[in-house]
Every structure is written in structure tokens, then in C-alpha cells.
1. Within the stretch 1-17, can you find the residues that are modelled with pLDDT under 95 and either part of a helix (DSSP H, G or I) or in contact with an Asp or Glu (Cβ under 7 Å, 6 or more places away or on another chain) (or both)?
2. Looking at (1) at pLDDT 95 or above; (2) closer than 22 Å to Phe44 by Cα; (3) over 21 Å from the mean Cα position of the chain (by Cα), which one does Phe141 not meet, given that it meets all the others?
3. Can you tell me how many residues in the stretch 109-155 are over 27 Å from Leu182 (Cβ atoms) and touching a residue at least 24 places away in the same chain (Cβ under 8 Å)?
4. Anything in the stretch 133-149 that is surrounded by 15 or more Cβ atoms within 10 Å (Cβ to Cβ) and not basic (Lys, Arg)? List them, or say none.
5. Quick one: which residue in Tyr125, Tyr101 is within 19 Å of Asn175 (Cα to Cα), of a type in the set (Ser, Thr, Tyr) and out of contact with any Gly (no Cβ under 9 Å at 6 or more places or on another chain)?
6. When the residues of the stretch 85-129 are narrowed to those that are among the small types (Gly, Ala, Ser) and either modelled with pLDDT under 95 or not in a helix (DSSP H, G or I) (or both), which ends up surrounded by the fewest Cβ atoms within 10 Å (Cβ to Cβ)?
7. Restricting the first residue to the stretch 169-190 and requiring it to be of a type in the set (D, E, K, R), which pairs with a second residue that is surrounded by 12 or more Cβ atoms within 10 Å (Cβ to Cβ) and outside any loop (DSSP other than H, G, I, E, B) meet a Cβ separation below 6 Å and a spacing of at least six or different chains?
8. Look through the stretch 195-228, keep the residues that are within 20 Å of Glu16 (Cα to Cα) and of a type in the set (Ser, Thr, Tyr), and return whichever of them is surrounded by the most Cβ atoms within 10 Å (Cβ to Cβ).
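The values are calculated or read from the model by the stated rules, or taken from the named source; none is laboratory data. This is a predicted model, so every value here is computed, not measured. A quick note on method: Cβ atoms are made from the backbone with ideal geometry, for glycine too, and the neighbour counts reach across all protein chains shown.
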Amino acid sequence: MRSSFLIADLHLAEGELDKTNLFIKFCQDQAIKVDQLFILGDLFNTWLGDDLSIKHYQSVITQLKNLTTTTKVFIMVGNRDFLLGSNFEKKSGAILIDEPYLLETDNKQYVLMHGDALCTDDVGYQQLKKILQHPITKFIFLHLGKNLRLKISGQLRKKSIQAQSYKSSEIMDVNQHAVDELMKKYPDSELIHGHTHRQNTHIEENYTRHVLGDWSTTQGNAIKINTKLSRLEIN
């Protein structure tokens, strides 16, 4: 049976060496021992396009490339790094996957998502996401100059932080009805996602939902699937 690690929400940032080194150490010491690594969104805190951002994360991309000699690496884009593209795939050796992604093992199926699509109570966020991730918007943004892209990205991030300050914690969590409707399409499966940073396991009537936490500069977390599902802390 293939063994897999699943992680999410590292939010690696340019110049943040402690967290980057923690991820590199995880790849070298632990991820190398499994068959597959799934990164379920927001590996990077910001991604302005392959042409601009690849050069700022050479150590991460080199490590991913090295890891793919022993371990298949699958990356799902998140709400922070949805502009990851084909050149990143080529340089890193990782494979970009769409959500929902169905991970099948010998005795269980797991539905993998980043998780933000399930936060349907946050109407403003969902409307903005629809605009920002529209193919036309992405095309236009990727053809802007570096300074303008940096300016727009900074403004959007500032507005996001301001918006979060007055939103309730319930609004920024997944909507139970949205999760139930999703899982009706995948009977006898379990759900694994990130995005909310609320590491936990929720046992529902018809399925179990596993939430990955985010990473700090000193500690991360992962789910391991082999003959069974287990959690581990990374430090």
C-alpha cells in the first residue's frame, strides 16, 4: 500500500528562513520516506506569478525537485498561491492538482480540498475569489509589470486583514451544509482539508472531516495515511 503525507497552509514567505528550513528538514527527514506528499494549498504566502516568484524561493523549489526523485509531490493551489503555474511544475517536479481530489487507498477513499470553497458563509470572500481567480483576471494580472503586481497584491492583503478583523469566527469556518452536500457525492469517503487553520477531527454521521493546521516558524503538522490515518507534529 502506498504511504502518503498531507500538509497545508505553510505560508512560506520570502526571507522567512526559520519556517523554510523547517519545511526543508521535513522533506529531507520524513517526506522522503513516503510514496506521496500532498500539499493542500498555500504552500506560499504570496505568489505573483512564476516569472517573478520562482527566483525568490529557489531553496524550496530545489528541495521539492530533490524530493521528487523518491516521492511523488502533488500540490493543490490555495487562496494565497493560486497563480502557481506550469513553469513552477517544471522547476519543482511537483504536479499541480485540482480540487476536489480523490485519494484512493486499499481500504478508504479521501476527498482532498484546500477548504476555502467550503466557507460559503463568507459571501464577500467568495465573491472576491470568483473575480480574482477568473481566467481573464489572472491573465491580465500576469501581464502587468512587477511593481504594479506588488502594489495590487499588497493592497489586497491589507484589505483582507482588515476584513478578517470584523468577521466572526463562524463566518470564516466551513459551512456544515456545504460540507454535507460535498460528501454526498463521495459516499464512504473521508474529507481532509486546510485553510481554516483549525486543526481538528470532526466525526459526522456519514463521514469524518480531518482539518490540517497551519505551520509556525517552529512547528508544523501533518496527516499520514498508510494502513490507517494518523497525525504527527513536525519540529
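1. Selection gives Met1, Arg2, Ser3, Leu17.
2. Among (1) at pLDDT 95 or above; (2) closer than 22 Å to Phe44 by Cα; (3) over 21 Å from the mean Cα position of the chain (by Cα), the lone unmet condition for Phe141 is (1).
3. 6
4. Phe141, Leu142, listed by residue number.
5. Tyr125
6. My answer is Gly124.
7. Glu190/Tyr110; Glu190/Thr208
8. In this case the residue turns out to be Ser216.
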